[in-house]
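To start, the structure itself, in structure tokens.
Derivation of every value follows stated rules applied to the coordinates shown; laboratory data play no part. Quantities reported herein were computed from a predicted structural model and do not represent experimental measurements. Here the Cβ positions follow ideal geometry from the backbone for every residue, glycine too, while neighbour counts run over all protein chains shown.
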Amino acid sequence: MATITGDKIINDVIKKYPQTIKVFNDYKVDSCCGGGAPIETTAKRDGIDVEELLKALNEAVHRD
């Protein structure tokens, strides 16, 4: 079972797991202009709790 980690590129995650779009939107992560950056970099820049975001992303992926 795959795990989403902080070094993954946002747009790559969305492409592989479209169900993560809602999570990124809920956390107000910019997947348009900031989508080419790693999750951890973007989260830290925007003041988002990285571990909380990763947990939510992985829950969305493994729920299906």
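THR41 versus LYS16, label points 7 Å from Cα toward the beta carbon: distance in nm?
Result for the modelled spin labels: 1.7 nm.
Just to check I understand the Karplus step: with θ = phi - 60° and J = 6.51 cos²θ - 1.76 cosθ + 1.60, what whole-Hz values come out for the stretch 36-48, glycine and proline as x?
In residue order, the calculated couplings are x, 9, x, 4, 4, 4, 5, 4, 4, 4, 8, x, 9 Hz.
Show that you can apply the helix-only estimate: for the chain, add -39,500 (n - 2.57) for every DSSP H stretch of four or more residues, divide by all residues, and state [θ] at 222 nm to the nearest 500. Show your work: numbers first, answer last.
Values: 4 runs with 34 residues, N = 64.
Rounded to the nearest 500, the figure is -14500 deg cm²/dmol.
Rounded to the nearest 10 degrees, what's the angle between the helix 50-63 long axis and the longest principal axis of the chain, both from Cα atoms, 0 to 90?
It works out to around 30 degrees.
Dividing the Cα convex hull volume of the stretch 10-63 by residue count, how many Å³ per residue is that?
Numbers: hull volume 3.5 nm³, N = 54.
In the stretch 10-63, the Cα convex hull volume per residue is 65 Å³.
In the neighborhood of GLU40, defined by Cβ-to-Cβ distances under 14 Å, what is the net charge if each Lys or Arg adds +1 and each Asp or Glu adds -1?
Details: positive: LYS8, LYS44, ARG45, LYS55; negative: ASP7, ASP12, ASP46, ASP49, GLU51, GLU52.
Net local charge, GLU40 excluded: -2.
What size of dipole, in debye to the nearest 20, comes out for the chain about its Cα centre when the only charges are +1 on Lys and Arg C-beta atoms and -1 on Asp and Glu C-beta atoms?
180 debye
Obtain the nm distance between the two label points defined at THR3 and ASP49 by a simple spin-label model: each point lies 7 Å from its Cα along the Cα-to-C-beta direction.
1.9 nm
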